[in-house]
Amino acid sequence: ELKVEQNPLFLSMQEGKNYTIYCNYSTTSDRLYWYRQDPGKSLESLFVLLSNGAVKQEGRLMASLDTKARLSTLHITAAVHDLSATYFCAVDIDRGSTLGRLYFGRGTQLTVWP
Amino acid sequence: KAGVTQTPRYLIKTRGQQVTLSCSPISGHRSVSWYQQTPGQGLQFLFEYFSETQRNKGNFPGRFSGRQFSNSRSEMNVSTLELGDSALYLCASRGRLAINEQFFGPGTRLTVL
């Protein structure tokens, strides 16, 4: 079964600092998704990465995908308090018996403090 | 465009009871997936439906079942509830089959006493 590992699981950072969240997965896939979840809320789609070398940016967040290394990163630039949330990466191989299924990491709980 | 809706938002049940949760996908989306989220196990896949057919099922006991209607609305049912079934149940729909970007509803928070 496809395994997805995120690290760190907990991240506390000061406003204005930069940091990177890592997402490793165990099986060949070229489709990776990043989601954000605020406490008590649902998951919000942030990025869809569909090929090796894909890079997407939105505001202070940038996501990239290296399918050869089976690694995706979510880079945070100059963090602000509003980025405090839990971030999940998810992978799919969407064929045969895995249709429609996303495999999620455990999530990275990010807290940004002044 | 309205998002994914789920009803009810909160439920409290006792052990042994059964429960039915409902999900309405984004208009035009025909694929609906269900996930269970708990602090201990994280996000776990329950099943996926497309055009009223279950195409994929996660590793959950038979007490968990679902169905999809011709208008793509989906329900999931949990029978003989156990304390461990307390969780946030999330429904997600997707429109483009070429990619698996799923859009999640607000979830149903189920508490089993």
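The values are calculated or read from the model by the stated rules, or taken from the named source; none is laboratory data. Treat the numbers as computed from the prediction; the structure is a model and nothing was measured. No Cβ is skipped: glycine too gets one built from the backbone with ideal geometry, and neighbour counts run over all protein chains shown. Ligands, DNA and RNA are stripped out before the accessible areas are found, and what is left, the full protein with its side chains, is counted by its heavy atoms. Shrake-Rupley method; radii C 1.70, N 1.55, O 1.52, S 1.80 Å.
A residue that is buried (at least 18 other Cβ atoms within 10 Å of the Cβ), of a type outside the set (Val, Ile, Thr) and not in a strand (DSSP E or B) cannot be found anywhere in region B:51-61. So for region A:52-60 (the condition being closer than 21 Å to A:Arg101 by Cα and over 10 Å from the mean Cα position of the chain (by Cα)), does at least one residue qualify? Looking for residues that are closer than 21 Å to A:Arg101 by Cα and over 10 Å from the mean Cα position of the chain (by Cα), one finds at least one in region A:52-60, hence yes.
Just for region A:38-51: of the residues that are open to solvent by less than 40 Å² (accessible area, probe 1.4 Å) and within 11 Å of the chain's Cα centre (by Cα), which one is nearest to A:Leu71 (Cα to Cα)? That would be A:Leu49.
Which residues, counting only those in region B:62-74, are touching a residue at least 12 places away in the same chain (Cβ under 8 Å) and either buried (at least 21 other Cβ atoms within 10 Å of the Cβ) or outside any strand (DSSP E or B) (or both)? If the condition is that a residue be touching a residue at least 12 places away in the same chain (Cβ under 8 Å) and either buried (at least 21 other Cβ atoms within 10 Å of the Cβ) or outside any strand (DSSP E or B) (or both), then B:Arg63, B:Gly66, B:Gln68, B:Phe69, B:Ser70, B:Ser72, B:Arg73, B:Ser74 are the ones that fit. Residues that are farther than 12 Å from A:Ser72 by Cβ, within 10 Å of chain B (Cβ to nearest Cβ) and assigned to a loop (DSSP other than H, G, I, E, B) within region A:4-51 comprise A:Gly40, A:Lys41, A:Ser42, listed in sequence order. The single condition among (1) open to solvent by less than 30 Å² (accessible area, probe 1.4 Å); (2) within 14 Å of chain A (Cβ to nearest Cβ); (3) out of contact with any His (no Cβ under 6 Å at 6 or more places or on another chain) that B:Val112 does not meet is (2).
Could you tell me whether B:Arg15 is among the charged types (D, E, K, R) and at pLDDT 95 or above? For B:Arg15, the condition - among the charged types (D, E, K, R) and at pLDDT 95 or above - is met.
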